[in-house]
């Protein structure tokens with residue numbers, strides 16, 4: 001007794017209208033239906049943060065929201081914030097400091113970092129670690145990620 | 001994993017919810033913030049036939065003060081709870097608890113009504129509701145009811161909500177000038193489920209504690225009110241290490257503590273004692289928020 005519903009929403013600034021399976025989560029909708037594969041499918045129960053996207057300007061777990069719930073919403077993914085140049089400084093800092101190895105967590109990590117620095121560019125290392133605690137990286141040990149976020153925050157303040 | 005198929009109803013009014021419940025009964029589940037329900041659907045621990053999304057019902061939103069009561073709508077997100085000036089001023093215990101609830105991306109979606117209705121024994125807000133002497137407002141086709149938070153939680157994922165009822169809001173008595181609150185939680189990693197947590201409130205007169213509330217979470221099948229310890233500390237003047245003086249009362253309160261996969265009951269009892277020691281000192285130390 002499944003069903004489909006038609007949803008209309010904005011994705012990275014473009015209006016999109018699609019018929020979706022009601023049980024499809026927003027992340028799968030972005031990846032499978034819109035081919036926006038920058039956001040990653042990790043644990044599918046909200047622990048790892050690989051699926052982090054923005055809905056109406058705030059980061060959420062893409063795996064913990066249904067696509068049908070995004071009716072009328074403004075959704076942004078790593079593709080959108082990359083193309084707009086909004087997080088270019090963060091991306092550059094991650095690159096320079098080797099703040100990634102396999103890169104699986106990176107899209108979510110960048111969006112989390114962007115949300116933190118928007119409200120608190122002067123965040124301390126402890127505050128950075130606290131904020132990204134919901135984004136798992138199994139390669140880097142976080143040190144270089146914290147370095148990168150801290151450096152960008154300082155640069156934005158100066 | 002992916003959820004089993006279900007039908008999705010986007011409720012636009014309370015009547016939409018009641019109509020769906022009347023038609024489908026227990027086959028329908030309410031979807032609020034989804035931060036606990038969606039994992040359960042994804043892991044197929046829950047497979048409802050109908051999901052009723054309540055995220056677009058204006059009556060369930062909003063924070064307001066009326067006289068000496070702060071009312072928080074069921075759809076209030078954890079992030080809002082942490083940033084609201086009214087919550088900070090009138091129910092600071094909840095504000096203190098917010099940073100301990102999962103992670104920022106989850107706090108942007110999760111709701112107070114969802115947390116209370118879900119009744120996870122390790123959740124922060126149920127314990128805060130009891131420690132704050134809150135009442136919970138629910139409604140159903142038969143009408144409205146008010147339930148004391150202390151009577152609301154009945155077990156793991158079990159509440160006093162009856163079939164077809166929905167939590168509408170929570171009322172919290174505004175904090176008094178001489179009341180102090182403390183919240184503390186021990187977890188292995190930031191944002192993880194608590195190993196043991198404690199929400200506390202007291203009227204502090206000089207160094208003397210009155211009307212103390214000590215509510216543990218993550219130690220039993222529901223929030224645990226430490227009644228014996230509270231009674232033993234009533235009217236007592238604080239002194240460092242006073243937790244030792246109430247050791248027997250605390251042992252009685254904690255006799256039915258349940259261990260979990262990672263933390264045995266004995267460890268939880270030890271952590272509970274550590275928290276009482278810290279929290280009493282902080283209550284008297286004058287932390288107001």
dims of the stretch A:56-158, Cα set, principal axes, largest to smallest, nearest Å -> 38, 31, 25
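Cβ neighbours within 10 Å, averaged per peptide: list A:22-30, B:137-145 in order, most packed at the top. Numbers along the way, then the final one.
Values: A:22-30: 24.0, B:137-145: 14.6.
Final packing ranking: A:22-30, B:137-145.
Using the beta-carbon distance between residue B:56 and residue B:163 and R0 = 25 Å, what value does 1/(1 + (r/R0)^6) give for FRET efficiency, to the nearest 0.05? Present the calculation step by step, with values, prior to reporting the outcome.
Values: r = 23 Å, r/R0 = 0.93.
Calculated value: 0.60.
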For chain A, the longest principal axis of the Cα atoms and the Cα long axis of helix A:143-157 enclose an angle in degrees, to the nearest 10, of 90 degrees
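Quick check on chain B: helices-only [θ] at 222 nm, where DSSP H runs of length 4 and up contribute -39,500 (n - 2.57) each and the sum goes over total residues. Nearest 500, please.
Numbers: 12 runs with 93 residues, N = 289.
When only DSSP H runs of four or more count, the value is -8500 deg cm²/dmol.
Classify the protein assembly as shown from the C-alpha gyration tensor, please: rounded if a/c falls under 1.5, else prolate or oblate depending on whether a/b exceeds b/c. Don't jump to the answer; show the numbers that get you there.
Numbers: a/c = 1.93, a/b = 1.29, b/c = 1.49.
Oblate, since a/c reaches 1.5 and b/c is not below a/b.
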With label points set 7 Å from each Cα along the Cα-to-Cβ direction at residue B:248 and residue B:141, the distance between them in nm comes to 5.5 nm
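What share of the DSSP beta bridges in the stretch A:1-108 is antiparallel, in percent to the nearest 5? The partial results should precede the final answer.
On the way: 15 of 17 bridges.
Around 90 percent of the beta bridges assigned by DSSP in the stretch A:1-108 are antiparallel ones.
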Between residue A:17 and residue B:22, the two model label points (7 Å from Cα along the beta-carbon direction) sit apart by a distance in nm of 3.3 nm
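Antiparallel DSSP bridges in the protein assembly as shown: what percent, to the nearest 5? Mind dumping the intermediate values first?
Numbers: 57 of 67 bridges.
Taking every DSSP beta bridge with both residues in the protein assembly as shown, the antiparallel ones total about 85 percent.
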From the Cα centre of the stretch A:102-142 to that of the stretch A:4-33, the distance in Å is 27 Å
In nm, the gap between the two label points placed 7 Å beyond Cα toward Cβ at residue B:151 and residue A:92 is 6.3 nm
FRET efficiency for residue B:2 and residue B:236 from the Cβ-Cβ distance with R0 = 41 Å, rounded to 0.05, comes out at 0.15
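If contacts are Cα pairs under 8 angstrom and at least 6 residues apart, what is the relative contact order of chain B in percent?
Values: 615 pairs, mean separation 43.1, N = 289.
Contact order relative to length: 15 percent.
Out of the DSSP beta bridges found with both residues in chain B, what percent are antiparallel (nearest 5)?
Numbers: 42 of 50 bridges.
If I count the DSSP bridges inside chain B, around 85 percent turn out antiparallel.
Just from its helices, what would the mean residue ellipticity at 222 nm be for chain A, if runs of 4 or more DSSP H residues each count -39500 (n - 2.57) and the sum is divided by every residue, rounded to the nearest 500 deg cm²/dmol? If you can, show how the numbers build up before the last one.
Details: 5 runs with 51 residues, N = 158.
Helices in chain A give a 222 nm mean residue ellipticity of -9500 deg cm²/dmol.
Quick check: convex hull over the Cα atoms of the stretch B:8-165, volume per residue in Å³, rounded to an integer?
Details: hull volume 17.8 nm³, N = 158.
That works out to 113 Å³ per residue.
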GNM on chain B, Cα springs under 10 Å; top mean-square fluctuation among B:233, B:116, B:261 goes to B:261
Using alpha-carbon positions, the gyration tensor of the stretch B:179-285 gives root eigenvalues a ≥ b ≥ c; with a/c under 1.5 called rounded, otherwise prolate if a/b exceeds b/c, else oblate, the class is prolate
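Only the coordinates and a few stated rules stand behind these numbers; no lab work does. Quick caveat: nothing in here was measured; it's all calculated off a predicted structure. Positions of Cβ are backbone-derived with ideal geometry, glycine not excepted, and every protein chain shown enters the neighbour counts.
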